[in-house]
Structures are given as C-alpha cells and as structure tokens.
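The values are calculated or read from the model by the stated rules, or taken from the named source; none is laboratory data. Predicted model, so just to flag it, every value in this text is computed and none were measured. Here the Cβ positions follow ideal geometry from the backbone for every residue, glycine too, while neighbour counts run over all protein chains shown. SASA here: full protein model, heavy atoms, side chains in, ligands and nucleic acids out. Shrake-Rupley method; radii C 1.70, N 1.55, O 1.52, S 1.80 Å.
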Amino acid sequence: MSKTYVLFEHAAGFALFRVSEFEELATFLPQVEESVTDLQKFNSVVSLIAFQPFKSAVLALENINAVSEGILPEDLNLFLEGALPKKKKRSKCTLGVLDPKLGAAISEALEIPCSHIGVVPEIVRGIKFHFHSLIKGLTKKACSVAQLGLGHSYSRARVKFNVHRVDNMIIQSIALLDQLDKDVNTFSMRIREWYSYHFPELVAIVPDNHLYTKCAEFIKDRKSLTEESVEPLTEILGDSEKAQAIIDASKMSMGMDISPVDLINIQMFAGRVVSLSEYRKQISEYLHTKMNSVAPNLTVLIGDQVGARLISKAGSLTNLAKYPASTLQILGAEKALFRALKTRSNTPKYGLLYHSTFIGRAGLKNKGRISRYLANKCSIASRIDCFSENQTSVFGEKLRQQVEDRLKFYETGDIPMKNIEVMKLAMEEVGNQTMEEETPKKKKKKKKDKKQEVEAMEE
C-alpha cells in the first residue's frame with residue numbers, strides 16, 4: 001500500500017506530514033469535513049514528519065518567491081531529500097502539494113510521484129486550520145505575525161519587481177485614448193446640434209469636429225463677426241477662403257437669435273471640448289514615447305497605437321510575446337472567430353492588425369497573406385522587445401522592410417531576402433551600435449583614471 005505525504009509551505013517554514021488513514025471517496029462526506037475542523041480527529045489522520053523553520057525573513061521571501069513561480073528552491077530540495085524515504089522506496093509513496101507546477105518540479109528532481117487532487121486539498125485545509133497546534137513551540141500569534149510580515153514583503157516585492165509594471169502604463173494610456181476619442185466625438189456632436197440653432201451654415205463650411213468647436217468658441221454671436229475677424233479665423237482653420245465664407249454666411253444666416261446666457265454656456269462647453277482635444281494630443285505623444293521605450297521594434301513595425309492595442313488585448317508585453325503568430329493575427333476578432341467556428345463558415349483573416357497600413361495597401365486577394373506575414377513579424381518583434389536586455393529599434397526597421405519587400409513581391413514578383421540573412425544584418429548593426437556606445441565610456445574611464453593618478457602624485 002502506498003504511503004501519502006503532504007508538503008505544506010507556511011510563512012514560518014516548510015512542514016512535511018504523513019497521512020495515516022484517509023479514503024479518497026471520503027473527501028465528499030460531511031464526517032470528513034468535521035474531522036478536518038476537529039483537532040482530535042485530525043491528529044489521528046495526520047502526523048508531523050519534519051519541520052524546517054526559515055532562518056530569516058529574507059530567506060523566507062526568496063523561498064516563497066521560488067515556490068510561487070513553480071521552481072523548487074534549494075532549501076526545500078534539501079529538506080525533502082532528508083525527510084522523505086530513500087530513493088528506492090519513493091516509487092511507493094505519493095507527495096501531496098497544492099501547486100501542480102511545484103509538484104512537477106519536485107517529481108523531476110526527487111523522482112517521487114506528486115498529486116494535487118483528491119484528498120490533498122482537504123488535508124491542506126486541515127493543516128492550515130490547525131498548523132499552530134501541530135508544530136510544537138509555535139503559537140497562533142507567532143503564526144499570524146509571520147504571515148503578515150511575509151505577506152507584506154511578498155506584495156512589496158511583486159509590485160516593485162513586477163515585469164509588467166511598464167506596459168501597465170501603455171494599457172491605461174491606450175484605454176484613456178479610446179475613451180477620449182469617444183467623449184470628444186460625443187461632445188462635438190452636442191456642440192454642433194446646440195450651436196446650429198444659432199448658426200446652422202457653419203456645419204457645411206467646417207465639417208471637422210475639432211475645428212468646428214474652436215470656431216464656435218471664437219465666434220460666439222454671429223452678428224459680432226466683421227471683416228477684422230477673418231485673420232483669427234484663418235489662424236484657426238488654416239484657410240482664408242473658409243474664413244471669408246464664414247463671414248459671408250453669418251450676414252445671411254437663417255439661425256435664430258440666442259440670449260447672451262445661452263451663448264456663454266455654449267462657449268464654456270466648447271472651451272472644455274477644445275481642452276479635451278488638446279489633452280488627447282498630449283496623451284497620444286506620451287503613448288508614442290512610452291511605446292518607443294518599452295517596445296521599440298513593435299512600434300517601428302506597426303505603429304504605436306496598433307502595438308499598444310495588441311499589448312492591451314494580450315494583457316502585457318510578456319503575454320503577447322508568448323502568443324503564437326496565428327493567435328496574434330486574429331487578436332481582437334474573437335467574436336468573429338467563434339461565430340465562424342459555430343456556423344462552419346470562413347474564419348477571420350485579421351483582428352487588430354487590420355488597422356495597420358500594410359493591410360490597407362495590400363490587394364484584395366493578398367490581404368490574408370500579408371496579414372499572416374505581418375503577424376509573424378509582430379510576434380518576432382514582441383519577443384525581441386520583451387526578452388532582449390538592450391533596447392534597440394534595428395530589428396523593427398529590418399522587419400518592417402521585410403513586410404515592404406513582401407508587398408512588392410505580391411505586386412511585381414521581386415524575390416525578397418531570406419529571413420536569416422536579414423537577421424544577420426540586424427545583428428551586425430546592433431553589434432556595431434554597442435561597440436560605438438562602449439568606446440566613449442572607455443575613454444571617459446581612462447581620463448578619470450589619469451586624473452586620479454595625477455592627484456595622487458601631487459599629494
């Protein structure tokens with residue numbers, strides 16, 4: 001009969017328990033749940049084999065970080081090696097763990113079968129409940145203090161060293177940009193409707209929402225417009241003919257007269273919409289600089305906004321880098337994909353990548369082909385951006401040129417360079433850049449060393 005052991009990771013240390021009697025089918029019975037909460041009954045089921053406390057808070061944090069990532073820490077490896085039976089007898093034993101990733105790592109290292117299902121969750125629940133009573137010399141207060149301290153340290157470390165912390169700003173920025181676009185459009189339509197009661201002809205002359213709002217803010221009462229107003233209107237519109245047309249239309253307008261109070265409210269609202277539009281431009285510039293620093297190759301390849309939307313949809317740059325090119329190709333078209341699978345019709349050729357300029361430039365027959373090719377290059381670019389230590393846009397430029405060459409190939413039949421040749425050229429360029437960056441640093445170091453030597457000699 002196989003022996004069952006359970007590993008429990010606590011803030012105070014690692015503990016190994018042996019399960020003496022516990023039928024697998026009994027996990028569903030209420031009597032078993034009662035035995036888990038009752039200490040006397042639970043003591044007859046579980047017995048402590050070994051307990052290894054953490055020597056310091058730093059060591060505890062290191063071990064818990066490793067366990068949370070599914071990596072077997074050295075301390076835990078040594079603890080299990082000493083506490084478990086010898087290697088020959090381990091095949092007849094089963095080790096219960098909560099995390100399947102950690103279980104896989106332990107199985108590989110110690111050659112013992114691990115389980116995270118069946119009786120294990122119920123046993124671990126009981127150990128959590130009675131842990132301070134099962135370990136001699138450990139009080140409930142000491143347990144809670146250890147848990148609180150390690151919890152704070154772990155959370156602080158996760159926030160401080162979060163690998164997604166930079167692209168979180170990109171996700172929030174693109175979400176804000178989309179929201180601002182919707183809001184500015186809605187508010188601009190409201191201005192058009194509101195101000196058209198007074199000056200309906202302005203809509204036909206100035207169709208652009210942003211310019212219309214600026215004009216409404218400047219004009220106020222149409223009767224106040226004179227020939228002197230042409231210059232400021234020309235500055236707003238950038239077209240003297242349109243400015244003159246507004247002056248002419250204001251003299252023969254069919255609009256109703258509006259009270260000064262209504263005009264003040266329209267002007268205030270127009271000012272708010274203009275300031276929102278200006279803020280939208282600032283956010284767009286911020287997103288561009290952020291994308292250039294976080295994902296320069298992806299930005300060069302498909303643009304900052306499309307790249308940011310891909311990162312936002314994936315959840316992070318790391319997640320995007322893990323996606324295969326086929327997933328990246330239809331990212332954003334999930335509804336269409338599942339509808340196509342349900343109705344057994346053609347699946348979508350592209351998702352968010354449709355907003356890239358390459359798809360628009362391709363012919364109708366080649367849209368699917370260029371989308372597949374572009375998704376492949378985006379996948380490469382995102383992986384380079386995510387996992388490379390030195391950020392550079394050289395790979396993005398080369399990948400973009402490859403997509404351009406592929407478009408030409410579809411149009412003219414000119415055979416493009418092979419990917420391996422392009423990557424070799426990119427690697428050479430990156431190597432040259434790093435050499436150029438390192439040489440001035442070395443010169444500066446030499447100068448500093450010489451200065452220090454001179455100062456030492458003088459002293």
Any idea what the relative contact order of the range 363-441 is, in percent, if you count C-alpha pairs under 8 Å spaced at least 6 apart? 30 percent
With +1 assigned to the C-beta of every Lys and Arg and -1 to the C-beta of every Asp and Glu, and no other charges, what is the dipole magnitude of the chain about the Cα centre in debye, to the nearest 20? 1860 debye
Out of these labelled values of Rg and Dmax of the Cα atoms in Å, (i) 27.0, 93; (ii) 25.4, 96; (iii) 33.7, 102, which was calculated from the coordinates shown here? (iii)
Spatially proximal aspartates and glutamates relative to Lys89 (Cα-Cα < 13 Å; intrachain offsets below 8 disregarded): Glu81, Glu111
Counting only C-alpha contacts under 8 Å and six or more residues apart, can you give the relative contact order of the chain as a whole percent? 10 percent
What number comes out for accessible area per residue over the chain if the probe is 1.4 Å? Units Å², please. 60 Å²
Give me the number: length gained by fully extending Asp208 to Ile71, i.e. 0.36 nm times residue separation minus the C-alpha to C-alpha distance, one decimal in nm. 43.6 nm
What are the aspartates and glutamates whose alpha-carbon lies under 18 Å from the alpha-carbon of Lys214, with same-chain residues fewer than 8 places away excluded? Asp181, Asp183, Glu193, Glu201, Glu228, Glu231, Glu235, Asp239, Glu241, Asp262, Glu278
Here, Leu176 and Arg339, labelled 7 Å along Cα→Cβ, have an inter-label distance in nm of 3.3 nm
Largest to smallest accessible area among Phe409, Phe8 [probe 1.4 Å]: Phe409, Phe8
What figure in square angstrom, to the nearest 10, would you give for the accessible area of Asp248 with a 1.4 Å probe? 70 Å²
Point-to-point label distance, Lys408-Leu110, nm (Cα→Cβ direction, 7 Å offset): 6.1 nm
Computed over the range 159-267: relative contact order in percent, which uses C-alpha pairs under 8 Å that are six or more apart: 30 percent
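Applying a 10 Å radius around every beta-carbon, put 328-335, 380-387 in order of their mean neighbour count, most first.
Details: 328-335: 18.8, 380-387: 21.6.
Ranked from most to least packed, the peptides come out as 380-387, 328-335.
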Within the chain, what whole-number % of the accessible surface is contributed by carbon and sulfur, with the 1.4 Å probe and all protein chains included in the calculation? 55 percent
Subtract the Cα-Cα distance of Asp248 and Asn419 from 0.36 nm times their separation in residues, and report this length gain in nm to one decimal. 55.5 nm
Rounded to the nearest 0.05, what FRET efficiency do Leu48 and Ala157 give with R0 = 25 Å and r taken as the Cβ-Cβ distance? Could you check? 0.25
DSSP beta bridges in the chain, what fraction antiparallel, as a percent rounded to 5? 70 percent
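Can you give the helix-only mean residue ellipticity at 222 nm for the chain, where every DSSP H stretch with n ≥ 4 adds -39500 (n - 2.57) and the sum goes over all residues, rounded to the nearest 500 deg cm²/dmol?
That comes out to -22000 deg cm²/dmol.
I need the calculated FRET efficiency for the pair Val261 and Asn168, taking r as the beta carbon distance and R₀ as 56 Å, to the nearest 0.05.
Taking R0 as 56 Å, the efficiency between Val261 and Asn168 is 0.80.
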Run the quick spin-label model on Tyr354 and Val145: label points 7 Å from Cα toward the beta carbon, then report their separation in nm to one decimal. 6.2 nm
Amide H contacts of Gly13 (H built 1.01 Å from N, under 5 Å, at least 5 apart or other chain): Phe54
Of Val6, Val261, ordered by accessible area with the largest first and a 1.4 Å probe, the sequence is Val261, Val6
